[in-house]
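This report refers to the structure that appears directly beneath it.
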Amino acid sequence: MSTFDFSAFEELVENNRCCRRFKQEDGFSREELSKLVNLARKTSSGANRQPLKYYLAREEEMNEKIFSTLSWAGALKEWDGPEEGEKPSGYIVMLGDKDIAENFYCDPGIAAQTILLGARTAGRAGCIFAAIDKEELREKLNLDDRFEILYVLALGTPDEEIELEKMEGSDFNYWRDEDDVHHVPKRSLEEIIIN
């Protein structure tokens, strides 16, 4: 059994929450976004085919185009998403290149989580979106049909407090309290290990 202390990595994972409100004025350089993609580039890939490609956005006009195609926080019915000043300052659109592979297996999940962990290490945060108007986004980005839109990673400097809670019963919905703290219920370790 390893004597490695997992506490630092556990803290990183706990802090890597899905962030939906950002300090919009804290922008990204292209180099910063490229460094995050470079982390994903180094991860495992099914059969080592490496079919993932990325579209980087950091300019206000393109950010707004991407923002308008995303559905924000389905469990918060009264919230339409971040307001001006709280929006992400960068995006990474994850694409599957169908000329390389027809099935992307678990590559997108590995890459997305790696990017978000890298962002968190750099004091940033993000949210992985699968709820995307993909046809509208394809048109706005002028993407070739060979690219399948897999995820959009919204990124920025976090501007919200998020707390993990013990899940009571089967209520898995996240919520915000009167102080606008975002609460995320989590199943216990005992519940998810079945033997």
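The values are calculated or read from the model by the stated rules, or taken from the named source; none is laboratory data. This one's a predicted model, so the numbers in the text were calculated from it and none came from an experiment. Here the Cβ positions follow ideal geometry from the backbone for every residue, glycine too, while neighbour counts run over all protein chains shown.
Return yes when A40 is in contact with a Ser or Thr (Cβ under 9 Å, 6 or more places away or on another chain) and either aromatic (F, W, Y) or part of a helix (DSSP H, G or I) (or both) and no when it is not. Yes: the conditions hold for A40. Taken over the stretch 128-150, the residue count meeting the criterion of being surrounded by 14 or more Cβ atoms within 10 Å (Cβ to Cβ) and under 12 Å from Y55 (Cβ atoms) is 8.
Checking each residue in the stretch 97-117 for being crowded, with 20+ Cβ neighbours inside 10 Å and either more than 17 Å from E160 (Cα to Cα) or in contact with an Asp or Glu (Cβ under 9 Å, 6 or more places away or on another chain) (or both) picks out F104, D107, P108, A111, A112, I115. Every condition in (1) on the phi > 0 side of the Ramachandran plot; (2) at pLDDT 95 or above holds for F104 except the one numbered (1). Tell me, which residue of the stretch 128-156 that is in contact with a Pro (Cβ under 8 Å, 6 or more places away or on another chain) and in contact (Cβ under 8 Å) with a residue 60 or more places away in the chain is farthest from S44 (Cα to Cα)? Applying the filter and picking the extreme gives G156.
Please verify whether the stretch 89-110 includes one or more residues that are assigned to a loop (DSSP other than H, G, I, E, B), assigned by TED's automatic domain parsing to the domain that holds F147 and farther than 28 Å from E135 by Cβ. Looking through the stretch 89-110, none of the residues is assigned to a loop (DSSP other than H, G, I, E, B), assigned by TED's automatic domain parsing to the domain that holds F147 and farther than 28 Å from E135 by Cβ. Any residue in the stretch 77-96 that is charged (D, E, K, R), surrounded by 14 or more Cβ atoms within 10 Å (Cβ to Cβ) and within 15 Å of the chain's Cα centre (by Cα)? Taking every residue of the stretch 77-96 in turn, at least one turns out to be charged (D, E, K, R), surrounded by 14 or more Cβ atoms within 10 Å (Cβ to Cβ) and within 15 Å of the chain's Cα centre (by Cα).
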